[in-house]
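S.K.: What follows is a structure written as structure tokens; I'll ask about it next.
The values are calculated or read from the model by the stated rules, or taken from the named source; none is laboratory data. These numbers were taken from a predicted model, which means no experiment stands behind them. Heads up, the Cβs are rebuilt from the backbone with ideal geometry, glycines too, and the neighbour counts pull from every protein chain shown. When the accessible area is computed, the model is the full protein with side chains, heavy atoms only, and any ligands, DNA or RNA have been set aside. Shrake-Rupley method; radii C 1.70, N 1.55, O 1.52, S 1.80 Å.
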Amino acid sequence: MTAARLTVDPRFAIGPVSRRLFGGFVEHLGRHVYDGLYEPDHPEADERGFRRDVIALVRELGVSTIRYPGGNFVSGFRWEDSVGSRAERPRRLDLAWHSTETNEVGLHEFSDWLEAVGSDLMLAVNLGTRGTLEAIDLLEYANVPGGSALSQQRIDNGRAAPFDVRVWCLGNEMDGPWQLGHRSADDYGKLASRTAKGMRQLDPTIELVVCGSSGAQMPTFGEWERVVLEHTYDDVDMISCHAYYQEHDGDAESFLASAVDMDRFIEAVVATADHVGAARGSTKRIGISFDEWNVWYIDRVDAVKPTAIDDWPVAPRLLEDVYSVLDAVVFGSLLISLLKHADRVASASLAQLVNVIAPIMTEPGGPAWRQTTFFPFAICSRLARGRAVRLPLEAPTLDTARYGTVPAVDAVATVDDEAGTAAVFVVHRGLEHPVAVDIDVSALGEVEVVETHLLHDDDPGAANTLDEPERVRPRAVETRLVNGILSVSLPPVAWIALSLRRTG
Ligand code: AHR
């Protein structure tokens, strides 16, 4: 048994916990929309074709803002195809995922679904194969109340009130050579700046996200952010970060330390943005929209993606990763990293939501179930309230091949003064021994433990599947609270959430 000590002191506040940290992402990809959230022939389908069981799970997950409709998909997308009479909507070839897009679900239908799940819309515009005019047109269609050709078209299509979309992404992963319309930082920066200015001329109240790098491993990382922000600093509110982690070649030690990489990634983007701001003499601070993050076994994609000229399936099974307990513990540590940067990460979107690298899986005509990653997200989204608080920590260290020497334990807390509640989230990355964690909560005053949730399994490879959908569940864990010290023992490869309530 090793030992770690944490201190929760509300004076070490990082920043407010924005609900937007618990956002999601729905891309027209594989069985995400079709045969995922939408399956009109399913016994659980509502009158619009949306699965009620999926709606219930998304609500339970607690997802705030949902980014839509891509992803790589958006860079070939013509938004006009997805509105108006369904019978007249064209079937299009989606080059990103080599699939057929039927456009049966479009902006109006997706917006109805969002109302059912209680989430807000975050829209991405196509700056890959399209440009400023199409982005402005979509904004007019979505946000202008009436009195213009495109707003009238929306009204004629059955939606009197504007969609009033608050957050807009200026393209997707434009640094990636795989992206349709991929371009240099200089070209993209100029296009993004022109487009942002045009969109703001139409609606100055919207928030704009410019594309950062699609990963810290990109050869242009850092320089891309600098150049793009030099063009767009005054035009945008946020810059995006994307990161996916997986276990490489059985190196579980490094995989468990993925959040260290996420910490460094966020801090590098913040430093670059602040450098651009400083050089301009600007007091404005650019936020981060971490609008794609997850565990993703990306190496497996090429094996399943169709490529033949006559092979354009509708809703093929793509990116249907099955997540283990180990994956979910890493996933939980990524949530800790996001909360630890609540001062600069203004928004985050778990990529993705249903069937596609998702916390929720469905079987056509069959059940919907929670993957292991569902639990840390749902628990964090529900318990992380008020402001995030940095925890000074003393912990043993681990040596990893990818990220060097890292603390075996990482943690963050949230404190909600008004509600008189607090929550502590802790990950144990060690693979061998349990760790005894003492958490000094005396600065919170008199408190009691309300909820405990431990995510761990003696088999870190355990997963929830169609055959065994309830195999993994978090369980309650024993804690001891004596003289302001909250003690809990964490087994190897474990993530835990504790919620506290003031009693005095
Ligand atoms: O989330 C899957 C894909 O990952 C998205 O389409 C793309 O933006 C990223 O590369």
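S.K.: Quick one: count up the residues across segment 91-102 that are part of a loop (DSSP other than H, G, I, E, B) and open to solvent by less than 40 Å² (accessible area, probe 1.4 Å).
M.R.: Here is the first cut: in segment 91-102, the ones part of a loop (DSSP other than H, G, I, E, B) are 91, 95-98, 102.
Narrowing the set further to residues that are open to solvent by less than 40 Å² (accessible area, probe 1.4 Å) leaves 96-98, 102.
So the count comes out to 4.
S.K.: Are any residues in segment 167-201 free of Cβ contacts under 8 Å to residues at least 24 places away in the same chain, surrounded by fewer than 16 Cβ atoms within 10 Å (Cβ to Cβ) and within 16 Å of the ligand (Cβ to nearest atom), and if so, which ones?
M.R.: Hit for segment 167-201 is PRO177, nothing else.
S.K.: Between ALA328, ALA348, ALA315, ALA308, which is within 24 Å of TRP168 (Cβ to Cβ), in the same structural domain as ASP237 (by TED's automatic domain parsing) and either part of a loop (DSSP other than H, G, I, E, B) or open to solvent by less than 20 Å² (accessible area, probe 1.4 Å) (or both)?
M.R.: Working: ALA328 fails: within 24 Å of TRP168 (Cβ to Cβ); ALA315 fails: within 24 Å of TRP168 (Cβ to Cβ); ALA308 fails: within 24 Å of TRP168 (Cβ to Cβ).
After applying the criteria, what remains is ALA348.
S.K.: Anything in segment 366-382 that is more than 22 Å from LEU114 (Cα to Cα) and open to solvent by 10 Å² or more (accessible area, probe 1.4 Å)? List them, or say none.
M.R.: Result: GLY366, single match.
S.K.: Can you report the number of residues in segment 231-253 which are within 26 Å of LEU398 (Cβ to Cβ) and part of a loop (DSSP other than H, G, I, E, B)?
M.R.: Counting residues in segment 231-253 that are within 26 Å of LEU398 (Cβ to Cβ) and part of a loop (DSSP other than H, G, I, E, B) gives 6.
S.K.: Could I ask something else about it? For the structure I just gave you, tell me whether ASP164 is away from the ligand (no atom under 16 Å from the Cβ), assigned to a helix (DSSP H, G or I), surrounded by fewer than 18 Cβ atoms within 10 Å (Cβ to Cβ) and without any contact (Cβ under 8 Å) to a residue 40 or more places away in the chain.
M.R.: On the way: away from the ligand (no atom under 16 Å from the Cβ): yes; assigned to a helix (DSSP H, G or I): no; surrounded by fewer than 18 Cβ atoms within 10 Å (Cβ to Cβ): yes; without any contact (Cβ under 8 Å) to a residue 40 or more places away in the chain: yes.
For ASP164, the condition - away from the ligand (no atom under 16 Å from the Cβ), assigned to a helix (DSSP H, G or I), surrounded by fewer than 18 Cβ atoms within 10 Å (Cβ to Cβ) and without any contact (Cβ under 8 Å) to a residue 40 or more places away in the chain - is not met.
S.K.: Cβ contacts < 9 Å: first residue within 16 Å of LEU444 (Cβ to Cβ), restricted to segment 381-398; second residue open to solvent by less than 40 Å² (accessible area, probe 1.4 Å) and of a type in the set (S, T, N, Q), any location; separation 6+ or different chain. Result?
M.R.: LEU383/THR414; LEU383/SER499; ALA384/THR414; ARG385/THR414; GLY386/THR414; ARG387/THR414; ALA388/THR414; VAL389/THR414
S.K.: Another question, then. In segment 423-446, which residues are out of contact with any Asp or Glu (no Cβ under 6 Å at 6 or more places or on another chain) and open to solvent by 10 Å² or more (accessible area, probe 1.4 Å)? Before you say what the answer is, go through the steps one by one.
M.R.: Residues of segment 423-446 that are out of contact with any Asp or Glu (no Cβ under 6 Å at 6 or more places or on another chain), as a first pass: 423-426, 428-442, 444-446.
Scanning segment 423-446 gives LEU431, GLU432, HIS433, PRO434, ALA436, ASP438, ASP440, SER442, LEU444, GLY445, GLU446.
S.K.: Exactly one condition in (1) more than 15 Å from the ligand (Cβ to nearest atom); (2) without any contact (Cβ under 8 Å) to a residue 12 or more places away in the chain; (3) under 20 Å from ALA348 (Cβ atoms) is not met by GLN217; state its number.
M.R.: The failed condition is (1).
S.K.: Same structure, new question: Name, by its number, the condition in (1) surrounded by fewer than 17 Cβ atoms within 10 Å (Cβ to Cβ); (2) within 30 Å of VAL493 (Cα to Cα) that does not hold for GLY24.
M.R.: (1)
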